Amino acid sequence: MKIMKNFIVLCLVALMLYGCSTVPITGRKRINVVSDAQILPSSFAQYQGFLKENKLSANRSKTAEIKNVGLKISKAVDRFMRANGMAAEAENYRWEFNLIENDAVNAWCMPGGKVVFYTGILPMCANTDGIAAVMGHEVAHAFAKHGQERMTTAYGQQLGGVGVMLATGNQDPKKAQMWNTIYGVGSQLGMLAYSRTHENEADKLGMVFMIMAGYQPVEAVNVWVRMSQRADSGSAPPEFMSTHPSNETRIQNLKAYLPTATALAKKYNAQMLRN
Ligand SMILES: [Zn+2]
């Protein structure tokens, strides 16, 4: 039984070391043990299912605009990946952009680059650069593999719970301490804290990508100002806001990051010209 416990401990530690990597551009350390091969087939199938069950917009010019902005931004991401040693990873993405007829103020992106915009978010976007701001943010979630990381966290919390249970019956305080450390780390990476980290990261990466694709980053700030105004006006808060917390801090963060994003975009675009 003791050998079995030691074996489980060893597996967990190996899992965490093996799954450690760094998010490109932001440099944030993450733990992701979910591979593209494991997650992408089911992600693509879910997306196709969603499109079948929902009504695509009949507005041809708006649909074309969404697809065009998505294509430009995903091309910037693709070029970045190929210029920075991520060519194999770039091959796994199947970028797709659709506009559905739905009044909800919403947009999302599934792992592997499957994006949906709802017609209800278009007034918040207001113009092509505003669409690019939301698109950049969504594409960034897929680029940084936030979905995969969330899955890893869910697994980690379950395994961590098992770990504490194992340690409780163990007399060795060092072993208990180790489990608490692992579990403590796992708990800090809980959904809420994680979510905010992911949102900030998607804001930053999205801004870099929209600038690389030639759009005006000030609209990233303006989109969130419009979202807050709508919430303040007393109409139901946009659905996008419940999953994407909008507040003064966020608007300030976006404003503060604008010069950095501009410099990074310039650097990455120059790097691509050289290759
Ligand atoms: Zn988001």
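Sort out which residues of the range 212-251 are surrounded by fewer than 17 Cβ atoms within 10 Å (Cβ to Cβ), at pLDDT below 85 and more than 16 Å from the ligand (Cβ to nearest atom), and write them in order of number.
Of everything in the range 212-251, those that are surrounded by fewer than 17 Cβ atoms within 10 Å (Cβ to Cβ), at pLDDT below 85 and more than 16 Å from the ligand (Cβ to nearest atom) turn out to be Ala231, Asp232, Ser233, Gly234, Ser235, Ala236, Glu248.
Considering only residues that are within 12 Å of the ligand (Cβ to nearest atom) and among the β-branched types (Val, Ile, Thr), which ones fall in the range 124-141?
Listed by number, the residues that qualify are Val134, Val139.
In the set Asn68, Asn54, which member is on the phi < 0 side of the Ramachandran plot and at pLDDT below 95?
Asn54
Could you list all residues from the range 252-275 that are hydrophobic (A, V, I, L, M, F, W, C) and open to solvent by 70 Å² or more (accessible area, probe 1.4 Å)?
Hits for the range 252-275 are Ala256, Leu273.
Given (1) in a helix (DSSP H, G or I); (2) surrounded by fewer than 14 Cβ atoms within 10 Å (Cβ to Cβ), where does Gly27 come up short, assuming only one miss?
Only one criterion is unmet by Gly27, namely (1).
The values are calculated or read from the model by the stated rules, or taken from the named source; none is laboratory data. Just so you know, these numbers come straight off a predicted model, no measurement behind them. Quick reminder, even Gly has a Cβ in these numbers, built from the backbone with ideal geometry, and neighbours come from all protein chains shown. Surface accessibility is based on the protein's heavy atoms, side chains included, excluding ligands, DNA and RNA. Shrake-Rupley method; radii C 1.70, N 1.55, O 1.52, S 1.80 Å.
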